[in-house]
Amino acid sequence: MTSRAPLPPPVAALFPPRDERERIDELLGRELAEATARVVAGPVMPTLERERLRRELEPFDFARPRPLEELIAWAIGVMEQGVVHMNNPRYFGLFNPPASFPSQCADRISGAFNPQLASSGSSPAPVEIEAHVIRAFARRAGLPAASGGHFTTSGSEANYTALVCALTRAEPRFGTDGVRAFPGPVAMYTSRACQPAWFKIAHHAGIGRAALKLIDTDGSGRMHVAALEAAVKRDRAAGVVPVLVSPTAGTTGAGMIDPLAECARIAREHGAWYHVDAAWGGAALASERLRGLLAGIETADSITIDAHKWLATTMGCGMFITRYPQTLSEAFRVTAEFMPSSDTQLDPYLNSLQWSRRFMGLRLFLSLAAGGWEGYAAHVERAAAVIERVKEGLSARGWTIANDSALAVLCALPPPGAPPVREIVRRMLESARAWAAVAIHEGRDVVRICATHGETSEGDVEALVGALEAACLEPTVAEVPR
Ligand SMILES: Cc1ncc(COP(=O)(O)O)c(C=O)c1O
């Protein structure tokens with residue numbers, strides 16, 4: 001027997017011993033809590049200069065290792081200065097939340113175990129937990145008990161999945177022949193106020209961007225039902241195959257809910273899949289007071305809900321929910337001898353777009369289990385109440401409210417004589433006092449104010465209203481120390 005050299009030791013920088021990991025973990029927790037406290041009190045906007053960051057990155061040629069402790073401090077510092085802070089309660093911005101603490105714990109847990117969620121053979125517990133949460137949301141939306149679905153990285157992936165299901169159901173030969181299998185060009189319908197990722201989805205699914213039919217809104221930001229019906233009928237008469245009707249429940253710009261029941265009726269009458277994009281607004285299902293706004297969602301063939309929006313999990317936690325899980329099995333079927341498959345109806349790699357998957361669903365499971373529906377109801381109702389306060393504050397200062405959403409998005413128009421909306425928002429962002437966006441609602445620029453932060457206070461609302469008022473007067477200088 002030849003004598004062999006012993007195996008080299010593990011790379012300690014990548015796999016440190018247990019006591020070192022515990023020490024770093026503790027340090028990380030402390031540093032993050034302190035950084036979060038600074039972020040809450042500091043400016044919302046990034047203060048880091050890109051040029052400076054590039055210079056700081058130059059010495060990272062990775063030729064020599066550096067201590068992790070030092071790197072963690074550097075990374076936290078860069079994050080503190082280099083992002084728009086969703087953690088700041090004066091961020092009234094896009095649908096990006098500060099993450100619930102249980103969802104942050106979930107990321108830590110799934111990072112530590114790093115399970116492969118492609119199959120229930122390798123991850124029986126995570127796959128069951130995810131399926132359980134999906135069923136809970138399906139029931140909450142009023143879908144039948146046999147409904148299913150899966151977690152996605154995003155609302156875009158969930159909406160893409162809806163289109164693939166629609167095509168698969170509409171034409172059994174779509175899976176082998178693609179859109180050539182249809183007797184004519186296909187079309188999908190949503191409103192002008194839809195989230196623009198639908199263009200990419202139409203492109204990637206192979207139906208083409210021109211197949212996305214954007215229906216006019218009715219003057220209030222909701223899909224015009226008569227226009228939808230007329231468009232579908234006109235298209236069918238011309239040989240087009242309508243495959244999908246997708247109203248939005250909580251439009252990105254103005255939080256409007258399309259007439260769901262009417263859209264469902266039109267989809268049924270013309271043999272199209274009825275998908276509700278409730279990426280953000282779906283969180284209202286948690287609230288007994290607000291869920292009635294989503295009436296009509298219960299007949300959906302499928303629904304998109306993003307937990308990383310109003311349900312405040314860490315990023316990358318969408319859901320695709322469907323009453324026809326068998327269509328998912330058909331759309332994503334594949335054979336791979338090497339996979340430890342044990343449940344063809346449930347295994348994520350056989351029922352969704354992704355193969356290797358992270359344990360995304362634990363973020364929502366822990367948040368929902370810790371807070372209950374009751375906790376989430378209080379969270380979304382609180383956000384709606386924050387927006388009511390903003391509405392009162394701005395109305396008292398001569399602003400006009402342009403949308404009539406009962407959800408937590410406000411579109412506001414400045415008083416007569418004020419600078420243009422884009423200038424007002426630019427000035428406010430420059431002042432670093434609060435963050436809001438510009439949106440276009442029914443053809444007009446509006447200041448779009450959205451409450452997603454779970455801890456926004458009356459003082460934060462006053463800061464926003466005050467910042468907008470100041471921005472109407474004079475260009476402001478930075479008031480928060482940088
Ligand atoms: C209504 C709606 N649908 C879909 C999306 C896309 O979701 P994601 O950013 O998770 O891809 C958004 C994003 O804001 C949205 O508002």
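Here, each number is a calculation from the coordinates, and none is a lab measurement. Values in this document were obtained by computation on a predicted structure and should not be read as measured data. Heads up, the Cβs are rebuilt from the backbone with ideal geometry, glycines too, and the neighbour counts pull from every protein chain shown.
Using a 7 Å offset from the Cα along the Cα-to-Cβ direction at both Phe62 and Glu288, what is the distance between the two label points in nm, to one decimal?
About 5.5 nm separates the two model spin labels.
How would you rank Ser103, Ser395, Ser156, going from fewest to most other Cβ atoms within 10 Å of each one's own Cβ?
If I rank by nearby Cβ atoms, fewest first, I get Ser395, Ser156, Ser103.
Using only alpha-carbon positions, what ratio does the radius of gyration of segment 211-338 give when scaled by 2.2 N^0.38 Å?
The value comes to 1.15.
For segment 444-451, take each phi angle, set θ = phi - 60°, evaluate the Karplus expression 6.51 cos²θ - 1.76 cosθ + 1.60, and give the result in whole Hz per residue in order, putting x for glycine and proline.
Rounded to whole hertz, the list is 10, 5, 9, 7, 9, 10, 10, 9.
Per 0.36 nm of contour for each residue apart, how much would the distance between Leu14 and Ala295 grow if the chain were fully extended, relative to their Cα-Cα spacing?
96.0 nm
What trypsin sites (Lys or Arg not before Pro) does segment 4-46 have in DSSP loop regions with at most 13 other beta carbons within 10 Å?
Sparse-neighbourhood loop trypsin sites (Lys or Arg not before Pro): Arg4.
HN-Hα J couplings of segment 4-9 from phi, Karplus 6.51/-1.76/1.60, θ = phi - 60°, integer Hz, Gly and Pro as x?
9, 5, x, 4, x, x
Straight-line reach from Lys213: which aspartates and glutamates fall under 14 Å, measuring Cα to Cα and dropping same-chain residues less than 8 apart?
Glu229, Asp235
When the dipole is taken about the Cα centre of the chain, and only Lys, Arg (+1) and Asp, Glu (-1) are charged at their Cβ, what size is it in debye, to the nearest 20?
900 debye
How much FRET efficiency would the formula 1/(1 + (r/R0)^6) give for Phe199 and His132, where r is the Cβ-Cβ distance and R0 is 45 Å, rounded to 0.05? Don't jump to the answer; show the numbers that get you there.
Details: r = 34 Å, r/R0 = 0.76.
E between Phe199 and His132, to the nearest 0.05, is 0.85.
Hey, could you get me the Stokes-Einstein D for the chain, Kirkwood radius over alpha-carbon pairs, 37 °C and 0.692 mPa s, rounded to whole µm² s⁻¹? If you can, show how the numbers build up before the last one.
Working: Rh = 24.4 Å.
Using the Kirkwood radius from Cα pairs, D works out to 135 µm²/s.
May I ask you to derive the FRET efficiency for Thr344 and Leu473 from their Cβ-Cβ distance with R0 = 60 Å, giving the value to the nearest 0.05?
After rounding, the FRET efficiency stands at 0.40.
Hey, got a sec? Which chymotrypsin sites (Phe, Trp or Tyr not before Pro) in segment 162-258 land in a DSSP loop and have at most 11 other Cβ atoms within 10 Å?
Of the chymotrypsin sites (Phe, Trp or Tyr not before Pro), not one in the loops of segment 162-258 has a Cβ with at most 11 other Cβ atoms within 10 Å.
Mind jotting down a quarter of the surface of the convex hull over the alpha carbons of segment 373-473, in square nanometres, one decimal?
6.2 nm²
Taking the simple approach of a point 7 Å from Cα along Cα-to-Cβ for both Arg234 and Ala73, what is their distance in nm?
The answer from the label model is 6.6 nm.
Would you grab the residues whose amide H sits under 5 Å from the one on Trp273? Only those 5+ places off in sequence or on another chain, please, with H modelled 1.01 Å from N.
Leu244, Val245
Suppose each label sits 7 Å from its Cα in the direction of the beta carbon; what would the Arg173-Glu392 distance come out to in nanometres?
Using points 7 Å along Cα→Cβ, the separation is 6.4 nm.
In straight Cα distance, which lysines are under 25 Å from Lys391, not counting same-chain residues fewer than 8 positions off?
Partners within reach: Lys309.
Out of the DSSP beta bridges found with both residues in segment 157-253, what percent are antiparallel (nearest 5)? Before the final figure, lay out the partial values.
Working: 1 of 9 bridges.
Looking only at bridges with both residues in segment 157-253, the antiparallel portion is about 10 percent.
Along segment 103-119, what does the Karplus equation 6.51 cos²θ - 1.76 cosθ + 1.60 (θ = phi - 60°) give for ³J(HN,Hα), rounded to whole Hz, x for Gly and Pro?
6, 5, 5, 4, 5, 5, 5, 5, x, 6, 8, 6, x, 8, 8, 4, 9
Looking at the chain, what % of its DSSP beta bridges pair antiparallel, to the nearest 5?
Working: 23 of 38 bridges.
Among the beta bridges of the chain, antiparallel pairing accounts for roughly 60 percent.
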